[in-house]
Structures are given as C-alpha cells and as structure tokens.
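The values are calculated or read from the model by the stated rules, or taken from the named source; none is laboratory data. Quantities reported herein were computed from a predicted structural model and do not represent experimental measurements. Cβ coordinates were reconstructed from backbone atoms using ideal geometry, including for glycine residues, and neighbour counts include every protein chain displayed. When the accessible area is computed, the model is the full protein with side chains, heavy atoms only, and any ligands, DNA or RNA have been set aside. Shrake-Rupley method; radii C 1.70, N 1.55, O 1.52, S 1.80 Å.
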Amino acid sequence: MKLKQKTTILFLSPWILTLLIFWLFPLVYSLILSFSEYNVLSGESHFVGISNYLELLKDGDFWTALKNTSFFVVGTIPFTTIFALILAILVNQNIPLRGLFRAGFFVPSITSMVVIALIFMNLYAKEGYLTFLCNLVGAPTPEKGWLFSTKTALPSIMLMDVWMSTGFYMLLFLAALQSIPLELYQISDTLGANWWQKFRHVTLPYLRPMSLFVILINTIKSFQIFVEIFVMTKGGPLNSTLTMVYMVYETGLHKFRMGYASAAAYVLFLVILVLSLIQLKLFGYGRTVED
Amino acid sequence: MARSSSTKRILLFLILVFVLIGMLFPMYWMIASSFSSEASSILEISDLLPKGLTLRNYIDVWSYGPFPRFFFNSLFVASMITLGNIIFCLMVGYAFARKTFRFKNVLFLSVIMVLMIPVHILIVPLFLIIKNLGWYDSYFALIVPWLVSPLGIFLMRQYIQSLPRDLENQARIDGAGEFRILFQIVAPLCKPALAVLAIQVFLVNWNSFLFPFILTSSEKMRTLPVALALFQGYQTIDWPHLLAASSLSALPVIIVFLFFQRQIISGLTAGAIKR
Amino acid sequence: MKVLKVFLISVLFILFTCEKKQDEFVTLSWWQFWTNPEVKPTILELIKQFEKENPNIKVNLTDLTWSDGHEKIVVAFGSGTAPDVLELGSDWVPEFSYQDVLLNVTLEAEKIKNEFLMWEPATIGEEIFGFPWILDTRVLFYNKGLMEKAGLDPNKPPKTWDEFLHCCNAINRLKPDAYGFGANSAERHRLYKKFLPFLWANEGRILSDDQAESEINSREGVQALEFYRRLTQNGMVDTQAMLDEAFNHNKIGFVISGGWLLNDLRKNHPEVNFGICLMPKPESDRGMPASFAGGEFLVINKKSENPQEALKLIKFLIHKNNCLKVCQAIGSGFPSAKGAEFDPYYRNEPYLSTFQEQLKYAISPPPHPKWVYIEEIIEKAVEEVMYDKKSARDALDEAKSEIDKLLR
C-alpha cells in the first residue's frame, strides 16, 4: 500500500514540481493583486479590499467584454464540436484519399496566425470575396466591410475561429474513435443495427470522455479569445469585439493597472470554472465507459 | 439500393473535397506567394498563380542573420518539450485517471486553473521566478516550465479513463509493477492520444511567441516566431520575405504531423490485436 | 589598534580596486526597434564605432518588435530588469515618464536643448525624461493617376478642407475601382493620431492651459470632427497596414501616412503615380496644416547602474552624423539635431522636403498622467461619430465631461 502511494506520488511529481516552482507563486500573487491597486510599472501597491471587484460591476466595458465573450463562446463551440465530430467520423471511414483529408483538415491549425488574419481580412474587406458572394445571392452586406461594422465584426471573427480550430478537435475525436473495440461494431452488425443505432449505442458512449474534453477545452480556450482580436480588430469598432482577455491585456499592460486587470481575470476564471463544473456534472465527472 | 448508396458516397466525397479546398486555401496562397517576387497583402484572384517564380525570398531569408540558428533553437526547444510532455503527461494523466489519493480534486483543479487564468497577469511573476533561477535568456527558461502541459494532463486523463481496465488488472494479477503497467500496457493503448498530444504540443511550442520573446534577449536564444516578428519593419510588413519564412517554418510542423498522424491510426490496429 | 588600521586600509584598498575595476569595464544594455534587414546593420556599425571610441564600454543590444515591444518593456520594468538605455516611440515617452521609471535627465538635456528639436513629448512641466532621436511625422499622400481619372488636376493637391473633401468625393465616385479617402478603422492607440491633427489644424485644443478642464467640445473641435466624419464617408475604412497597401495598388486617392509608405512606394511600386503634400488647412486664410508629431526617443532607466555611460551612448546616437546614417538606412525620418536638414543627402530627396516642411506643424498631445484614458475617450467619441451613433456635438460634449471627471 505504501509503495503504491509512493508510485502515485512519483507519477504525479512532474505536475507537482511544475506547479510549485512555476505556477503557484504567479497564481497566488495575482490573486492578492486583485485586492490591491497595483501599478505594474512603478511597483506602487496598496491593499484596497474588494473595491476592484465592485468597480468591475460598474464598469460598462467589463459588461460589454463579458457579453461579447459569452456570445463568442456560445456561437462557436456547438459548430466547432459538431463539425469536428462529423469530419472525424467521415475520415475514419474507408474513403479514398482519407490520409490527405485528415492532413488537409488540420492545415488551418498549422498555418501562421499572421497569414490567416491577412487572408481573412481580405476575405472580409469591403469589396472582398464575402461581399462578392453575398451580392451574387442578393444578401445584404455591411457598409464598411465585415470587420469594421459593429454588427458583423464579432461574427466574422467567430466564423474564422470555427474554421481554424475544427481540425484540431477533429483529430481529438479521431483519436477517441480508435479506442472503440471493432468487435462492438461487428456485433451490432450481426444484430442488424442501422448506422444511427450504432452511432447512438456504440460510438457516442465511447466518445463521452473525449467529448467532455473537447467541449471543456474549447470553452476554456474560447473564453480566452485574444490573439485574433489583437491582430484583427483590437476590440473595435465601438468595442463590438472587446473580449475579456483583451480587456485584461489593455488594463494591465497599457493602463498599468495590474490589480484591476487581475480582478477581471479572476472573475473570468470564476465564470469558466462554474461553467466547467456544470459541464462536468452534465457529462458525468469521473465516470468511465464501463459504469 | 447499392446505386443510391454509391451516389451518396460520391456526393459525400465531393463535399469533403470542397471543405478540403477551403481549409487548404490560405496555406496554398502562402506557399504560392512565397515564390513570387511581388507578394502583397491585397489578394487578387490572379495571385493564385505566382508571378515571376523565384527562390530569391527563400535565399534572402535563409541568409538573414543566423537564421539556421533560429531554426535550430525552435526545433530543439519544441522537440524537447514534446518529448517531455509525452512521458510526463502520460504519467500524471494515468495517476489522475486510475489512482485514488488525497487532494486529488484540489490537484486537478490546479491543472485546470493554470489553463483558465489569462497569461497576461501571470507574466510578471513568472518572469521574476525565471530570473531568480538564473535562467533568463537560456534554454532552461524556454523548455523547463513547459515540459508538462495542463492540457496534456487533461487529455491523457480523459483518454485513459475511456480505456477498459481489464488489461491492467490482468497484468497486476500477473505481478507487474506500476511502471511496467503504465509503459508496457497502458502506453501502447494510448498511442492515438499521445500522437494528438505530440502534434498539439509541438505545434503550440513551435509557434510560441510571447514567452520566448519575453524570456530571452540575445540573438543566440532567439526562436523562429520571434525572428519572424522582428522581420516586420516599422509600420510595414515585408510580405514576400515573411511568407517565405512562414512557409519554411510550417515545414517541420507538417513533417511532425504526418509522422504522428500515422500513429493515431496504427493505434487502432495495435489495440485491436491486443484485444 | 594597528591591526585595525591595517584591516581598514586593506578593506579600503580592496573596495577601491573593485570600484576601479568596475569603472574600467561597463556593459550597457540597449533595447531598440530597428531590426529589419535594411536598418539593423547600420545600428550594429554605430555600436562598433561607439565601442571603439569608448573601449571601456560594451553595448549589449536587444531587439524589440513594434507589435509586442510594449509588453516586453512593461514586464521588464515591472520586474526590475529593464535595460540601461531604451528606445521609445514619442507616444510612449510621457506614459513611462509619469510612472517614475525613467531617469530625470533635465540637467544634461538643458545643456544641449538648443541644438535639438522636439523635446515636448519628453518634457513634463519643467523636467525632461528623454532625448529626441529620430523625428517623423505624417503627410498627405495623393494618387495622381486617380485624380486625373476623376477629372481633377493631378498637380494641384488639395490645400483646404473644402478642396480636400471635393477631391475625395470625386475619386470616391470611381468606386468600386477606387475610393476617396483611406480612413483608419477603430485601431486602438492609433485612431486618435488620425483625428487630432484636424482638431489642431482648426485651432482646437484637448485641454485648457492649466489642464483643469477639457476644451475638446469647442466649436473648432466639433467642426473638426464633423469634417473628419464627412471624410470617412467619402472613402473606405480599414487598418493602417491595409490602407497603405490599398494606396500601393491605386485603390485609394488619399491616405495620411508616414515615411514607411514612401519607402514602400519607391522600392516596390514604381508604377504608382503619386505625390505628397502638407495636410490641408481648414481655410486658405485660417488654421494651419497640422500633423501628428511622431518619432523615436532615447531614455535611461531610472535604476540603471551606469547612467553616465548610458548618457554617453545616447549623446553618441543622437549626434547629427550618426543619426543621419540611421535615417538614411530607414529611408525616412530626420535627425533631431538642428541643421541636419541642410545635409546634402536631403537636397537630393525631393519628397523629404515636404516631410521637413510638415515637421514644422507637427504637434504632440499635451503630456498628462492620465493620457491613456483621455486617448480612449477621444477615440470613443470619434468612433461614435464615424458610425453615426452620435452627432459630433453630442459625442464631444460627452467626451469633455468624461475627461473633466478624470482631471478632477
């Protein structure tokens, strides 16, 4: 028993060490900062209790950022997850050129962000290809270009995000599909199950842990959407693409109010944490396939 | 019946091809333009076929500063981190998936917490730690903090949880030690997840910009993404060279992807045979 | 007693020799932004020359990027690892000066103040926190080919606001082949630089002299913003980088831009028939052709252990001839040293004389500790008007009351 505990600790040691050496201090430090007025440049700091948090509640930008971020999360995750799942199932079939498809769908994840941003900025330009397509079918187009109109800027970035991240989640689902014993499909075939029954009773249960992972990771990452905003719109126009992390970045590193930025970051953390716990509950934390 | 299913398959195939083209387009444009002498940031349909094919951009990039050194730095750092993650995330993920121990939930929360807090508020304290360790501007700063990633731990935990326990229990009855069980029984079954992990970790660290930029100062320690950012002049971007450099920089990732991508699928056969 | 004496003397001796040794050799760290292949070699060459002239100083160079350099600098100051000498853009100098992290160089600067230009961004009250190095400003670029196409005289660029608007409107009618004015989108920390010149041109001001209240909603201010709105309506909205590219491709008639665009045009787009001119004035007999004062400054870290050597390096770099070398490598910009414009180099550069003329009307925002916030308020007002959410009058009234709240 003792030996067993020892090996467990040994197994855990890489994380415990990394946490203790590199992450514990920054986490605790920033938590304390969130209760102080701290100027990151001059190092001036004094304790202010919960006044940063109270100020957040009254800060219009904060609510805009929270609203935009939530919209981004709700508007991207279902699409990313479902597209990723469909693509994974398709390229797991015996179709011609499936190696090419697998690699090809992952390519957006490899392409450099600067290049992707550039191409989408062209796509979304006032006379860009998206406007051209819309004109063909007679759909309305924004007056100033897709990224520079308050109504379309955020959805445009969301579309790009779905395009960009689907490949990675497809790969995750593809890996999870490999853990399904082939016998189960053979058995269902002999039982005369159709594809939906097979999907519902064999594939889905086995995909549950990975689906949880995909949705959770996607939630965490989407709530932290930053690079795309930084490269493409810097939060504009009229704060229509202002997100939480972009606000944290502006407040901490441009206005030098690291304490206030930390408070915003911890509120974001709480939001993600609560949502994650709900997701864990819904999907069944720690349950395995056998249960 | 057979005919309708084959038309369906053809339709499906065509849809996949269509999606593929959409996904490949930026990469294609990047590579095509990198061979062109007059790439710019305004995209015209006519740019899809590069004008004036030339290797000039690549030659310029390769001979600009110690570019091979930047390339090596990135390759070395990303490879070491990938290797570390494959071993450590497997270990930690296994412990979280299969073992019971005190403070398990708290420890797992710490994994998720590191994932959830925006890095911008952690940069300064982390920088202080690196500096006090005497690691500023060294490979240690670029590698050691990232050897085990929270995302990797989480991924491995989820994957191992979905595996049946029979094989492990069998081995335990046969008297195998925990290390043998992990590396000889569990690890082969985890091949698909480990392959995904390797691809993801390599990719993230190969492209990592913020920390390598902040944690190093000398040219000796510069990684490729930092060098690429420095390629951009004041207010202007030198597209032909930047695209050539980006294409060069994508090459190792593609190789790593193709290599590990095979493992995702071969994991299937390995698992099937074992069972 | 004797033992003590010997001990003290030896201690002093050791201390003295140590001190001496430090004196003999000093390593200076310098962070700078000129990393592109065209300019970097010149910087390295200058450092070599400096080290040769000062054999006891070694300069350790670190490169910063324009897009993320700000972060690295903030983290460095926040963790006490900032370099001895640092290059800062003109808009960053006040921001860092107010945070009390830069060395007060008033005494040294006063000695040479008369020999150099553009001290304003580095001056706070009576105190000076940095040295101007390279001066830069924005001028109006116009596309002669498009002007002709639109039925305008390509050799008569607009001089007044009315003419300007008329030209933009005429070219804008060519759309979608071409647009009139290239207007900046809501890029943070940049949009205000595009609007303020119009305010200044119209003799408007952001703050009152005593900085007790904002005057941005004056009649002049409202007129300027109203004019800016009409300009943006006669053109296209995009980021600066895309606007510059659009100009390179004969897509827009007018863009306000800097020396970087001039370089790009001359090097990579010889087919574009363009001209540059001063910013237009509100009326031919009123106002002035104001523009935004940009440029690069050199500052010293307050915690630097080698301020004397740092000063030496800065003085070397801002020296007329040395700075001229950098400007030549960049292809634009001017040394801060007075009289540099008479150098033969500029005589053969017809475009640069326009920049030089424009520099006379280059203005920088009033230094204020809360400028980052004021800037944000101004940008919000401009955006609201650009996007037809508010009238210029309402937006600026609100901006004034918000700025006043900050000033209190």
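Structure notes:
- Under-5 Å amide H pairs with C:THR62, H placed in peptide plane, nonlocal only: C:TRP30, C:TRP31, C:GLN32
- Note: relative contact order over chain A, using C-alpha pairs below 8 Å and six or more positions apart, is 29 percent.
- Proximal charge balance of B:ILE264 [Cβ under 14 Å; K/R count +1, D/E count -1]: +4
- When chain B is treated as a Gaussian network with alpha carbon springs shorter than 10 Å, the biggest mean-square fluctuation among B:VAL19, B:VAL111, B:VAL204 belongs to B:VAL19.
- Cβ-Cβ FRET estimate between C:LYS303 and B:LEU53, R0 fixed at 56 Å, reported to 0.05: 0.55
- In Hz, Karplus ³J(HN,Hα) per residue of region C:28-34 (6.51, -1.76, 1.60; θ = phi - 60°; x = Gly, Pro): 9, 9, 9, 9, 8, 9, 7
- Whole-Å semi-axes of the ellipsoid equivalent to the protein assembly as shown (Cα gyration tensor, √5λ, descending): 50, 37, 27
- Listed values for region C:200-215 are Karplus-derived 3J(HN,Hα) couplings in whole Hz (6.51 cos²θ - 1.76 cosθ + 1.60, θ = phi - 60°), namely 5, 4, 8, 6, x, 9, 7, 10, 6, 4, 7, 6, 7, 8, 8, 10, and x replaces Gly and Pro.
- Heavy-atom accessible area for B:ASP60, with the other protein chains in place and a 1.4 Å probe, reaches approximately 40 Å².
- Simple rule: put +1 on each Lys or Arg Cβ and -1 on each Asp or Glu Cβ in the protein assembly as shown, find the dipole, and look at B:LEU12, C:TYR361, B:VAL119; the Cα lying farthest toward the positive end is B:LEU12.
- Largest to smallest principal axis extent of the C-alpha atoms in region A:202-291, angstrom: 53, 27, 17
- Taking all protein chains as they are arranged and a probe of 1.4 Å, the heavy atoms of C:LYS281 leave approximately 60 Å² accessible to solvent.
- Carbon/sulfur fraction of accessible area - the protein assembly as shown, other protein chains in place, 1.4 Å, %: 63 percent
- Part-to-part distance (alpha-carbon centres) for region A:89-106 and region B:154-196, which is given in Å: 27 Å
- Counting only DSSP beta bridges with both residues in the protein assembly as shown, the antiparallel share comes to about 60 percent.
- Across all Cα pairs in region A:37-283, the calculated P(r) in 5 Å bins from zero up to the longest distance comes to 1, 6, 11, 13, 14, 14, 12, 10, 8, 5, 3, 2, 1, 0, 0 percent per bin.
- Accessible-area order (highest first, 1.4 angstrom probe) of the listed residues C:ARG219, B:ARG222: C:ARG219, B:ARG222
- In terms of its C-alpha gyration tensor, region C:283-408 comes out oblate, because a/c is 1.5 or above while a/b does not outweigh b/c.
- Candidates A:LEU154, A:LEU90, C:GLY89 compared by Cα position along the dipole of the protein assembly as shown: farthest toward the positive end lies A:LEU90, with charges placed on Cβ.
- Accessible-area order (highest first, 1.4 angstrom probe) of the listed residues A:SER45, B:SER208: A:SER45, B:SER208
- An oblate overall shape is assigned to chain B, the ratio a/c of its alpha-carbon gyration tensor axes (a ≥ b ≥ c) being 1.5 or greater and a/b not exceeding b/c.
- Average Cα contact separation per residue, chain B, under 8 Å, 6 or more apart, as relative contact order %: 29 percent
- DSSP-assigned coil residues among GluC sites (Glu not before Pro) in region C:56-157, each with at most 15 further Cβ atoms within 10 Å: C:GLU126
- Accessible area of A:SER36 in the full protein assembly, 1.4 Å probe (Å², nearest 10): 10 Å²
- Cα-based helix-to-principal-axis angle, B:239-274 vs chain B, degrees rounded to 10: 20 degrees
- Rounded tilt (10° steps) of C:350-359 against the dominant C-alpha axis of chain C: 80 degrees
- Mean ellipticity per residue at 222 nm, deg cm²/dmol - from DSSP H runs of n ≥ 4 across the protein assembly as shown, formula -39500 (n - 2.57): -19000 deg cm²/dmol
- For chain B, size of Cβ-based charge dipole, Lys and Arg +1, Asp and Glu -1, in debye: 1160 debye
- More than 34 Å apart - percent of Cα-Cα pairs taken over chain C: 36 percent
- Note on the protein assembly as shown: with charges restricted to the Cβ of Lys and Arg (+1) and Asp and Glu (-1), its dipole about the Cα centre is near 4020 debye.
- Rounded to the nearest 10 degrees, the angle from helix C:40-53 to the longest Cα principal axis of chain C is 30 degrees.
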